[in-house]
1. Along Cα→Cβ, 7 Å out, is where each label goes; now give me the distance between the ones at A633 and R701 in nm to one decimal.
2. Please work out how much length the chain gains when fully extended from A513 to F274, using 0.36 nm per residue of separation minus the C-alpha to C-alpha distance, in nm with one decimal.
3. Sum up the charges of everything whose Cβ sits under 12 Å from the Cβ of L532, counting Lys and Arg as +1 and Asp and Glu as -1, but leave L532 out.
4. What is the sum of charges around R570, taking Lys and Arg as +1, Asp and Glu as -1, for the other residues whose C-beta is under 15 Å from the C-beta of R570?
5. Report the semi-axes of the equivalent ellipsoid for the stretch 152-272 in whole Å, largest first, where each axis is √(5λ) for an eigenvalue λ of the Cα gyration tensor.
6. What pairs in K397/K529; K397/K560; K311/K560; K204/K719; K394/K564 have C-alpha atoms more than 27 Å from each other?
7. What is the mean projected area of the alpha carbon convex hull for the stretch 61-165, to one decimal in square nanometres?
8. Quote to one decimal, in nm, the extra length available between Y58 and A543 on full extension: 0.36 nm per residue of separation minus the C-alpha distance between them.
Amino acid sequence: MDASPASGHPPSPHADRPRSLSTPLERLPGVGTARAEKLVRLELVTASDALMHFPREYRDFSGAHAFADFREGEHASIAGEVTSVAARTTAGGRPLLTVLLACNGGHVRGVWFNMPFMNRRFVAGMKVVFAGVPKKSGPNWEFSHPEVRWLSGEEQPHASDWLAIYPLAEGVPQAVVRAAVQAALVHAADLPAEAFPAEVLAAKSLLPIGEAFREIHCPSSQGMIDAARRRFVYQELFMLQLALRMHRERQQRDHAAPTIAVDTRLDSRILARFPFPLTPAQRRVCGEIVADMQSPRPMNRLLQGDVGSGKTAVAIYAMLAVAATPVKTGGIDSAAVAEEPTPGTKPAEKPLRYQAAIMAPTELLARQHMATLERLLAGSGVEVQLLVGGQPAKERKRVLARIQSGEVGIVVGTQALVCTEAAIFKNLGLVVIDEQHRFGVLQRATLQQGDTDPHVLVMTATPIPRTIAHAVYGDLDVSVLDEQPPGRQPVRTYRVGPEQLDQWWEFFCKKLAEGRQGYVVVPAVDESKRELASIASTLEALANGPLEAYRLGLVHGRLKPKEKAAIMDRFRAGEIDVLVATSVIEVGIDVPQATLMTILDADSFGLAQLHQLRGRVARGATQGICGAATQTADATIPRIDAFVSTTDGFALAEQDLLLRGPGELVGTRQSGAPPMYLADLLRDSTVVSEARRDALELFGRDPSLSDSSWSRLRELILKRWGEQLGLGQVG
Ligand code: ADP
Ligand code: MG
């Protein structure tokens with residue numbers, strides 16, 4: 001790299017400088033060193049990085065909206081002439097800029113707070129377009145901090161003015177990102193090589209790569225935005241699908257896993273351990289898991305099941321099957337699960353069996369799994385050990401030694417811990433990852449040990465739709481627990497506006513008077529001193545107000561585990577009627593007789609979190625009741641309205657993904673392809689299936705992509721996924 005940036009001189013744009021995707025952004029006209037330094041915060045360093053930095057959304061700047069089309073809360077844009085520019089300071093000392101725009105048929109106002117530098121950008125007589133979400137202010141419409149497009153001379157806003165809005169980082173304004181992307185487009189849009197043969201582009205109606213880059217950043221119409229996105233989503237999934245196929249093929253060739261067989265005797269011995277019969281859905285999924293583990297290839301299965309569907313029981317079934325299988329001989333030792341070690345057998349003669357581990361996201365949940373397993377396995381020959389961060393060093397050493405000796409059948413731990421300590425096992429046969437909310441195709445890599453792999457079962461309550469799961473986890477099999485244990489009833493859920501709150505508490509108390517117990521959930525971000533103080537005053541207000549006739553308790557994350565446990569015990573024993581709690585109760589807590597819940601400031605919780613919270617009162621035979629109290633009375637709050645309208649976790653998960661907008665799903669912007677966003681996948685689900693089908697078809701025909709027309713694609717796949725998926729030199 002040459003030294004021009006260090007010399008402090010602005011880089012001069014040389015027309016003859018060779019154009020390259022790896023050209024540093026600072027060398028591009030309109031970017032420069034200062035902006036380039038900011039862009040690093042978004043990991044944008046080269047022209048290629050900027051090209052790959054895809055817009056989050058688009059604003060319609062066509063200015064076609066008339067006042068009649070303005071709707072409260074909806075995006076709109078309008079063109080007009082600046083008639084006045086007024087800068088003043090508010091009573092609160094904040095600079096306020098007001099720009100009045102004369103439009104066809106009236107006036108609109110644009111206002112900016114704390115942005116004094118905007119003042120000089122407006123002069124009376126200029127023609128501009130405002131875009132944003134207008135609010136009615138008196139008789140006029142007002143835009144607060146609108147996006148602005150300055151129209152030069154006689155330029156008319158035309159229908160193709162779509163402005164890209166980019167994901168930002170702190171201290172990196174939209175304008176800087178936009179300038180970098182524009183410069184990168186001019187410099188390099190036609191440089192990325194086309195991955196698809198021309199006849200495929202034509203047959204699939206895909207935009208050529210250069211055009212796709214131009215249209216994704218500078219769309220000429222809404223239709224072209226869709227076409228460009230379709231091209232990228234198609235390519236991304238096509239590539240991922242092929243990468244996963246190659247990975248799977250390799251995996252099957254190079255890696256072996258223990259063969260775990262379950263005969264009817266072991267099956268009935270395991271089932272006898274549960275205090276309830278497994279539901280048909282649980283039995284079906286256990287069957288799917290056993291079928292996988294019977295093969296000497298590592299299982300890689302995702303289990304999706306709504307909150308309360310009984311995923312733990314399935315995990316325990318699978319772990320017991322593993323813990324009953326002796327190493328090497330491959331025979332079955334179902335006696336292990338049944339009773340005390342066979343009388344007369346000395347421990348030393350006991351055959352070594354495979355080990356299973358379950359990893360929970362929190363220590364609280366790990367401890368709960370431990371308690372469940374100890375209860376279920378009391379008197380059996382399977383040793384269970386807990387491995388969590390909070391253990392004293394000595395205890396931990398002891399546990400590790402037991403695990404290393406191979407005597408421990410089941411290890412319960414937190415995800416972080418067991419992940420980093422995969423080498424502690426003697427004969428790891430199965431890993432269960434509980435409550436995995438973030439998905440990663442790649443996590444199993446950390447679990448590989450030499451050339452035998454454990455089987456892997458990942459469990460989640462926040463499912464992604466099946467078509468997409470298949471597309472994204474080509475090599476991951478999916479099981480679904482689509483049935484709740486018998487007797488469960490959907491929780492009756494209400495939205496409670498401010499003026500209904502009194503009535504709600506009356507109802508809540510009536511139910512308490514019938515002998516029920518309940519929760520009041522209060523939002524907390526960091527459980528800081530200040531926040532805890534405010535929670536304490538909420539508690540006091542409840543204790544001296546609507547809930548004064550009842551015994552209240554308080555739990556939050558800052559309590560010592562012992563204190564927390566003591567309060568939970570009193571709640572469980574019925575000595576506390578209402579537990580006021582932060583979202584520490586979101587996962588894990590299981591008190592079946594508590595069937596009432598009030599969620600205060602429900603709008604400050606995410607949808608998945610609300611659903612998890614509600615799951616706490618859906619455990620027993622009595623129908624749960626949940627009130628979601630909101631600050632506002634009638635405005636729609638999509639999240640809350642969705643929450644109230646259904647208790648179907650799958651439907652909510654889908655809704656959640658759409659509402660949350662683009663969450664990155666897999667991969668990073670490493671090279672060759674943009675990140676994939678779930679929201680796009682949901683929106684474009686037909687492209688998703690199409691890309692998958694086409695990729696599988698190609699793989700069937702030409703598994704190593706040896707045909708020269710695919711060499712560019714093959715190169716891209718290796719560059720992007722090769723290392724992570726261990727593809728090496730495919731073919
Ligand atoms: P999740 O899928 O949310 O992890 P759990 O495994 O914690 O659900 O199960 C929720 C509750 O349902 C637990 O109290 C568990 O004991 C109970 N349960 C699980 N399976 C059954 C069943 N087949 N019959 C009755 N109760 C069950
Ligand atoms: Mg669970």
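The values are calculated or read from the model by the stated rules, or taken from the named source; none is laboratory data. Predicted model only: the values in this text are computed from it and were never measured. Glycine also receives a Cβ, built like all others from the backbone with ideal geometry; neighbour counts cover every protein chain displayed. Note: accessible area is taken over every heavy atom of the protein model, side chains too, but ligands, DNA and RNA are not part of it. Shrake-Rupley method; radii C 1.70, N 1.55, O 1.52, S 1.80 Å.
1. 6.5 nm
2. Values: separation 239, 0.36 × 239 = 86.04 nm, distance 3.41 nm.
That works out to 82.6 nm of additional length.
3. Working: positive: K529, R530, R558; negative: D526, E527, E531.
Counting the neighbours of L532, the net charge comes to 0.
4. Working: positive: R551, K562, K564, R572; negative: E563, D569, E575, D577.
Summing Lys and Arg as +1 and Asp and Glu as -1 gives 0.
5. Taking √(5λ) for each Cα gyration eigenvalue gives 48, 20, 16 Å.
6. Values: K397/K529 35 Å; K397/K560 23 Å; K311/K560 29 Å; K204/K719 24 Å; K394/K564 24 Å.
Pairs exceeding the cut-off: K397/K529; K311/K560.
7. Details: hull surface 27.8 nm².
Value for the stretch 61-165: 6.9 nm².
8. Values: separation 485, 0.36 × 485 = 174.60 nm, distance 4.93 nm.
Answer, rounded to one decimal: 169.7 nm.
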